[in-house]
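The values are calculated or read from the model by the stated rules, or taken from the named source; none is laboratory data. Keep in mind that what you see is a predicted model, and the values were worked out from it rather than measured. Methodologically, a virtual Cβ is constructed for each residue, glycine included, from the backbone with ideal geometry; neighbour enumeration extends over all protein chains shown. Accessible surface areas use protein heavy atoms only, side chains included; no ligands, DNA or RNA. Shrake-Rupley method; radii C 1.70, N 1.55, O 1.52, S 1.80 Å.
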Amino acid sequence: MNHDEHDGPRRIANRVLATLLVASLAGAVLLPFAAMAPNRLVSGESVSLLTALRPWQTLGLAALAGALALACLVRPLGERRGARLTLVAAPLALLLTLYGLGDYAQRALTDASPAARVSQGAAFWVLVFCTSLMIVDAFQRLGSSLWLRSGYGLLLVAAVAALFATGTFNALSILREYFNIEDAFVDQFVTHLTLVGLALAPTLAIGLPLGLLAHRRPATRGVLFSVLNVFQTIPSIALFALLVAPLSALGDAVPWLGALGVAGIGAAPAILALILYSLLPIVRNTQAGFAGVDPATREAARGMGMTRQQILWRVEVPLALPVILSGLRIVTVQAIGLTVVAALIGAGGLGAFIFQGLGQYAIDLVLLGAVPTIALAVIADFLMQILVAVSRPAGAR
Amino acid sequence: MIELQGLTKTYGDKTVVSDISLRVERGEFSVLIGPSGCGKSTTLRMINRLIPLTSGRILLGDEDVTRLPAEQLRRRIGYAIQSIGLFPHWTVADNIAVVPNLLKWPSARIASRVDELLDLFHLDAGEFRDKYPHQLSGGQAQRVGVARALAADPEVLLMDEPFGAVDPLTREVLQNEMRRVHEQTGTTVIFVTHDMDEALKLASRIALLDAGRLVQYDRPIELLTAPAEAFVSDFIGKADLGLKLLSRRWVHQYQQAATTSGDAPHHWETDAQGHPTCLHGGRPTADVPPRVAVTDDWTATPGMTMKEALSRMVWYRVGVLPVIDDAGRLIGEVTLEGVMGRQP
Ligand SMILES: Nc1ncnc2c1ncn2[C@@H]1O[C@H](COP(=O)(O)OP(=O)(O)OP(=O)(O)O)[C@@H](O)[C@H]1O
Ligand SMILES: [Mg+2]
């Protein structure tokens, strides 16, 4: 795959891995791995990887780095076996990095004051980021099936969850922050998911029929798509803000709507904005899904004597489903991200922590909002990928 | 039996099909032919009302079906098209079972019907039943397409250039198969093509269309020997009229008793089972040996067209071919003199 344009024999089989490895090594050596602060509000002093980790942990990481270096090379392993080695070494490096940080925090805090805090540094993020990318890259090179990837991902998630469950990270500043606001966190997490769900359900209810309409009546496409496109181009904050005035007017004017929670601030404008953003991908993919059905198939279905409804449900929908679900995948991930912004107009959700943390210069609070959002988006994306794969007709799989 | 009465289709002020009336008897193989754009597909698609009629009537048996709900009508009429249109998300068995399913046949009957049809098209049921369309070759897919159209024993089978998109070799095989299937099932067929050779090979009646008008509807031989107007002979092409005629003649019509006695100008040697082994004489030129061994390729069978038999004579430079039965035994002969000595 990688063609070496220079003269001479090719040594490196996987340049992506090599680059990521160099980046992680440089990050690990040059950047602070953790920070130790006397209390929550001051930024602490940096601690390097070498001082933070126990010797066996450092040696372990070095050995894994050696294995990954071997995995880059043309000889003796080559690209495919190198990728398999990466799938073993990279997750181990990732888990060791996580464990090392938690372990360091526990040791550092045993003799410190209760207000003292240990937080993760840039080198930690570089290592987590680079090892994750190594795994993704290795899977791409191997062209592994979605099932294999799912199983592997599940195993990795379980390993990280086990680290959490055994209290490895409890001494870390971010976890202490979490314990402070545990109840609020659960609430906002649920609110976040609820907002996404409340936006996606009507999006599907409106978008699927509109997509079918756009397919059956080509004349409607121009207007429909340009209107939906307009919403896509309005920046999210602006759209949230634009909805405040009309919705508060509506909530005041129609009392029962007001009683239902329609107001300028809160969930109503957030959900409405999310719907407006989500409609275009759903409508467009639905239309594209139906358009992708071979006209000969439709002609045959008609010629056999299927009714319109039978053609729709037995032929067109099953064949269009993978494309429609791809649209839903885009929209779900997008909505999880956009809901963060909804916190600005009082809708709640994980964004609340981010903005609160930004206001207080409390980075841990920001992360407490951001990291779960990212994790949620990644997991939703993965689940939707599986759904798309399952929905693909057996004959086309 | 199906009868079209004054079938007409206009788009705006453009008449695409103009007052076509024809009657296809039960079990007949009727071919609609004509230049591109003459209205063949439109006519066919009006029969199962994929295109609404502007005017005219359609009788199926003695029943006027012009007003019957389209879906009901279509379930009684088979439909096979060039692009096949198999349902890609269903297995071969599910594809074939579409109309029986719509008609709510019991599942055991459907399953046995599917196997029966796969059998009819020489597709191994065990192997093909659970395959998906994308796993089939073009020829296999088209067989499944026709099997699907025949699944519920339709009163008439409509086919729109079904073999137009396959390679010439497969096309030939499929045509032969179609003839066999038609003989075995006795289904009434209306078949659209623009290939005269295909029409001559399959048709028991040919309807020649030109610019939406029915020019002549007749048996193939009448079309060749008694064209209704100049357009007919122009369309058929005068250059190989003789060969076209022979493509509608069968070896059994020209077959004579084979000579095996040594004093005839030519005679056959046979082995103990009666298979022809050698021909003595019978070659028009002197530069070939007087006694030649019979090979598989220069034999004829009663069901072969005379066009093919003649082609073999020309190719092997013999004036006579042995006619053999299914077991390969000599049952007669066809000769060049025999071809020439008869009004085609
Ligand atoms: N929806 C339509 N509107 C207007 N004219 C049409 C329409 N459909 C078909 N036609 C015209 O009707 C005529 C007959 O079309 P048809 O498809 O029946 O031809 P055909 O004989 O099947 O030709 P081919 O051998 O190329 O398939 C053509 O001239 C075509 O342009
Ligand atoms: Mg046509």
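Summary of computed values
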{"read-out": "Relative contact order, percent, chain B [alpha-carbon distance under 8 Å, six or more residues apart]", "value": "17 percent"}
{"read-out": "Relative contact order for the stretch B:251-341, counting Cα pairs under 8 Å that sit 6 or more residues apart, in percent", "value": "31 percent"}
{"read-out": "Per-pair calculated FRET efficiency, R0 = 41 Å: A:Trp125 and A:Ala201 via Cβ, rounded to 0.05", "value": "0.70"}
{"read-out": "Efficiency of FRET from Cβ geometry, B:Gln256 and B:Gln184, R₀ 35 Å, rounded to 0.05", "value": "0.75"}
{"read-out": "Residues in the stretch A:288-306 that, when all protein chains are in place, have 40 Å² or more less accessible area than the chain alone would give (probe 1.4 Å)", "value": "A:Ala296, A:Thr297, A:Glu299, A:Ala300, A:Arg302, A:Gly303, A:Met304, A:Gly305, A:Met306"}
{"read-out": "Ellipticity estimate at 222 nm from DSSP helix runs (n ≥ 4, -39,500 (n - 2.57)) divided over chain A, nearest 500", "value": "-25000 deg cm²/dmol"}
{"read-out": "q = 0.10, 0.13, 0.21 Å⁻¹, the stretch B:139-291: log10 I(q)/I(0) [Debye, one scatterer per Cα]", "value": "-0.57, -0.81, -1.30"}
{"read-out": "Pairwise centroid distance, computed over Cα atoms, of the stretch A:351-397 with the stretch B:1-77, Å", "value": "59 Å"}
{"read-out": "Cα-derived Rg over Rh, computed across the stretch B:2-240 with Rh taken as Kirkwood radius", "value": "0.97"}
{"read-out": "Evaluated at q = 0.14, 0.16, 0.18 Å⁻¹: base-10 log I(q)/I(0), Debye formula over Cα of the stretch A:15-175", "value": "-0.72, -0.90, -1.07"}
{"read-out": "Interchain or long-range residues, amide H under 5 Å from B:Val16's placed H", "value": "B:Lys9, B:Thr10, B:Tyr11"}
{"read-out": "Paramagnetic label zone (point 7 Å from Cα along Cα-to-C-beta, A:Leu155; backbone N under 19 Å) in the stretch A:63-77", "value": "A:64-65, A:67-68, A:71"}
{"read-out": "Efficiency of FRET from Cβ geometry, A:Ser43 and A:Arg216, R₀ 45 Å, rounded to 0.05", "value": "0.15"}
{"read-out": "Square roots of 5 times each gyration tensor eigenvalue, C-alpha, the stretch A:189-247, largest first, Å", "value": "25, 17, 9"}
{"read-out": "Length released on extending from B:Lys14 to B:Ala230, taking residue separation times 0.36 nm less the Cα-Cα span", "value": "75.3 nm"}
{"read-out": "Positive-end residue of A:Gly359, A:Ala273, A:Leu210, charge dipole of the stretch A:182-396 with Cβ unit charges", "value": "A:Leu210"}
{"read-out": "Percentage of interatomic Cα-Cα distances in the stretch B:54-128 larger than 17 Å", "value": "58 percent"}
{"read-out": "Dipole of the protein assembly as shown, positive direction: furthest Cα of B:Val24, B:Val92, A:Ala165, with charges on the beta-carbon", "value": "A:Ala165"}
{"read-out": "Along principal axes, Cα extents of the protein assembly as shown, largest first, whole Å", "value": "127, 74, 51"}
{"read-out": "Computed over the stretch A:203-317, Cα set: Rg, Dmax in Å", "value": "18.6, 56"}
{"read-out": "Relative frequency of Cα-Cα separations exceeding 38 Å in chain A, percent", "value": "38 percent"}
{"read-out": "Farthest positive-ward along the protein assembly as shown dipole, Cα basis, beta-carbon charges - from B:Ala108, B:Tyr254, A:Ala291", "value": "A:Ala291"}
{"read-out": "Rg in Å to one decimal, and Dmax rounded to a whole Å, for the stretch B:1-56 via C-alpha atoms", "value": "11.3, 37"}
{"read-out": "Cα→Cβ-extended label distance, 7 Å offset, between A:Arg11 and B:Asp153, nm", "value": "7.9 nm"}
{"read-out": "Kirkwood hydrodynamic radius over Cα pairs of the stretch A:273-347, then Stokes diffusion coefficient at 37 °C and 0.692 mPa s, in µm²/s", "value": "234 µm²/s"}
{"read-out": "Reciprocal of mean inverse Cα separation for the stretch A:182-396 (Kirkwood radius, Å)", "value": "18.9 Å"}
{"read-out": "Heavy-atom accessible surface of the protein assembly as shown: percent carbon and sulfur, 1.4 Å", "value": "61 percent"}
{"read-out": "Convex hull of the stretch B:251-341 built on C-alpha atoms - directionally averaged projected area, nm²", "value": "5.6 nm²"}
{"read-out": "Dipole magnitude of the protein assembly as shown, debye to nearest 20 (Cβ charges: Lys/Arg +1, Asp/Glu -1, about Cα centre)", "value": "1160 debye"}
{"read-out": "About the Cα centre, charge dipole magnitude for the stretch B:251-341 (Lys/Arg +1, Asp/Glu -1 at Cβ), debye", "value": "200 debye"}
{"read-out": "Net dipole in debye of chain A [+1 Lys, Arg Cβ; -1 Asp, Glu Cβ; about Cα centre; nearest 20]", "value": "1340 debye"}
{"read-out": "Whole-number accessible area per residue in Å² for the stretch A:53-212, which is evaluated in the context of all protein chains at 1.4 Å", "value": "47 Å²"}
{"read-out": "Area buried, chain B against chain A - accessible surface, total, 1.4 angstrom probe, square angstrom", "value": "1900 Å²"}
{"read-out": "Angle in degrees between helix B:107-120 and the longest Cα principal axis of chain B, rounded to the nearest 10", "value": "30 degrees"}
{"read-out": "Fully extended contour minus Cα-Cα distance, from B:Thr295 to B:Met340, at 0.36 nm per residue", "value": "13.7 nm"}
{"read-out": "Nonlocal amide H pairs with B:Val156, under 5 Å, H built at 1.01 Å", "value": "B:Gly78"}
